[in-house]
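S.K.: Please see the structure below; I have some questions.
Nothing in this text is a laboratory measurement; each read-out follows from the coordinates by a stated rule. All values reported here derive from a predicted model rather than from experimental measurement. Ideal geometry is used to build each Cβ from the backbone, glycine not excepted, and the neighbour counts take in all protein chains shown.
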Amino acid sequence: MEKTIRGWKNELMRAHQGMGDLFARSEVRERSLAYLEGLLSGCERKNGWQVAECVGDASPYGMQYLLGRARWDADALQARLSAYVEDKLGSPDAVLILDETGFLKKGSHSAGVQRQYSGTAGRIENSQIGVFLCYAGKGGSSLLDRELYVPQEWIEDRERCREAGIPERVESNHQAGIGAAMIERTLDAGTPCGWVTGDEVYGHESNLHRCLEARRQAFALAVASGPAFVVADGNALPSQHRPDCV
């Protein structure tokens, strides 16, 4: 076990070294590594306070500075992550998996928060919704991309967006549209992929269907109406004929 843990630690250091130059200041660079260690730890909740406590900080201010005020490019970091995941897990028969999740919140100041359906709670709650893309390849899986769903009522209130740190360039888009955009940029980057899959939120996104069909990219997306069906290569199939990767 000790050898395994040491191996994980060494691999985390190697991964961070491939991304560390995106953090110009040494203090922020070191904090980013500590933050990753906190996320991989067993602390119950991964908020700034508990992650800071887990890595031995006396207060959460350093973690809050890293996440809220320090200057680093999240999209550039995501691109580095994609390259790392492709190197470690890349496979021509890998699966790209779209899914969304809710983050329950109190108050009205968190970016994109509103009363909306949250799969986490199984009901309408005050929450944020994030759309995520996972890569399942040889020997493992990893989160690959992410986007926050920003409701239209937020976009129409630019002052509220500025106060929450939402950039001017961000526009409202439904969750399926966000997922389609993530799939497109992942495939555009040449990430090897055998199948694309997701639940009915994405199964009813016609733009995603057209994109995948134009690329001749195999996909299996659930649809909600009628008996249990999936869409595979543009054709609806009964659930008993689902590909093994679904």
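S.K.: Do any trypsin sites (Lys or Arg not before Pro) in the range 43-93 lie in a loop, going by DSSP, with at most 11 other beta-carbon atoms within 10 Å of their beta carbon, and if so which?
M.R.: ARG45, ARG69, ARG71
S.K.: Once you wrap a convex hull around the alpha carbon atoms of the range 1-71, what is its projected area averaged over all directions, in nm²?
M.R.: 5.0 nm²
S.K.: Based only on the alpha carbon positions, what is the Kirkwood hydrodynamic radius of the range 42-164, in angstrom?
M.R.: The Cα-based Kirkwood calculation yields 16.9 Å.
S.K.: Separate question: Only Cα pairs under 8 Å and at least 6 apart count here; give the relative contact order of the chain as a rounded whole percent.
M.R.: RCO, the chain: 13 percent.
S.K.: Which of the trypsin sites (Lys or Arg not before Pro) found in the range 128-186 are loop residues per DSSP with 10 or fewer other Cβ atoms within 10 Å of their Cβ?
M.R.: Here the trypsin sites (Lys or Arg not before Pro) that fit, given the DSSP loop and packing criteria, are ARG169.
S.K.: Treating the angle as unsigned and between 0 and 90°, give the value, to the nearest 10°, between the Cα long axis of helix 2-17 and the longest Cα principal axis of the chain.
M.R.: Approximately 90 degrees, to the nearest ten.
S.K.: Report ³J(HN,Hα) in whole Hz for each residue of the range 125-134, in order, from the Karplus equation J = 6.51 cos²θ - 1.76 cosθ + 1.60 where θ = phi - 60°; Gly and Pro get x.
M.R.: 9, 6, 7, 9, 10, x, 9, 10, 10, 10
S.K.: Quote the charge dipole size of the chain about the Cα centre in Debye, to the nearest 20; the model charges only the Cβ of Lys and Arg (+1) and of Asp and Glu (-1).
M.R.: The calculated dipole for the chain is roughly 500 debye.
S.K.: Give the residue list of GluC sites (Glu not before Pro) in the range 58-162 that are DSSP loop and have at most 16 other beta-carbon atoms within 10 angstrom.
M.R.: GLU156
S.K.: Quick one: give the max-minus-min coordinate of the C-alpha atoms of the range 73-246 along each principal axis, largest first, in Å.
M.R.: Answer, in whole Å and largest first: 47, 40, 28 Å.
S.K.: How big is the dipole moment of the range 1-71 about its Cα centre under a simple scheme where the beta carbon of each Lys and Arg is +1, that of each Asp and Glu is -1, and everything else is neutral? Debye, nearest 20, please.
M.R.: 180 debye
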